[in-house]
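*Asks:* Please find one structure pasted underneath; my questions will follow.
Every number in this text was worked out from the coordinates using simple rules, so none of it is lab data. Everything quoted here is computed from the prediction, not taken from an experiment. All Cβ positions, glycine included, derive from the backbone under ideal geometry; neighbour counts span all protein chains shown.
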Amino acid sequence: MARTPEEVFAHHGQSLGAEDLEEIIADYADDAILVVQKKVYRGKDGAREVFTQLLSDVPQAQWELDQTFAEDVLYLEWKATGGGRKVEDGIDTFIFADGLIRVQTVVYTVQPA
């Protein structure tokens, strides 16, 4: 039985907090599409590139998440502080399918903390 969107995102959040790149990537479909800062990334390799950047932008981050689920869609507003930098305007949208993240959009601005 496939994981629910809530279960997928719970694992995603735990993996992100632990900075476990391979576990983060495991939540993405092989044909996932990520649109980040107006650039398109595809598949697990694309997700790896996106999260390598995010984890370097705000390393060892403390995260604040405000999430709204609607069936297979998640709207997420987030903040993060780590490595002397912060993000106060993070907004993501996720679309889940078959127990994985199929589509994600991301926008955020990194600032000095």
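*Asks:* Is it true that some residue in segment 52-61 is in contact with a Pro (Cβ under 7 Å, 6 or more places away or on another chain) and under 20 Å from Ala26 (Cα atoms)?
*Replies:* Scanning segment 52-61, I find no residue that is in contact with a Pro (Cβ under 7 Å, 6 or more places away or on another chain) and under 20 Å from Ala26 (Cα atoms), so the answer is no.
*Asks:* Right, another one. Give segment 80-98 a look and list any residue that's without any contact (Cβ under 8 Å) to a residue 60 or more places away in the chain, surrounded by fewer than 18 Cβ atoms within 10 Å (Cβ to Cβ) and more than 16 Å from Glu19 (Cα to Cα), or say none.
*Replies:* Within segment 80-98, Gly84, Arg85, Glu88, Asp89, Ile91, Thr93, Ile95 qualify.
*Asks:* Filter segment 8-42 down to the residues that are among the aromatic types (Phe, Trp, Tyr) and touching a residue at least 12 places away in the same chain (Cβ under 8 Å), then identify the one that is surrounded by the most Cβ atoms within 10 Å (Cβ to Cβ).
*Replies:* Tyr28
*Asks:* Taking the conditions exactly as written (surrounded by 14 or more Cβ atoms within 10 Å (Cβ to Cβ), under 12 Å from the mean Cα position of the chain (by Cα) and in a strand (DSSP E or B)), does Ile101 satisfy them or not?
*Replies:* Yes.
*Asks:* Report, by residue number, each residue of segment 57-74 that is under 14 Å from the mean Cα position of the chain (by Cα) and surrounded by 14 or more Cβ atoms within 10 Å (Cβ to Cβ).
*Replies:* Asp57, Val58, Ala61, Trp63, Leu65, Gln67, Leu74 - these are the residues of segment 57-74 that are under 14 Å from the mean Cα position of the chain (by Cα) and surrounded by 14 or more Cβ atoms within 10 Å (Cβ to Cβ).
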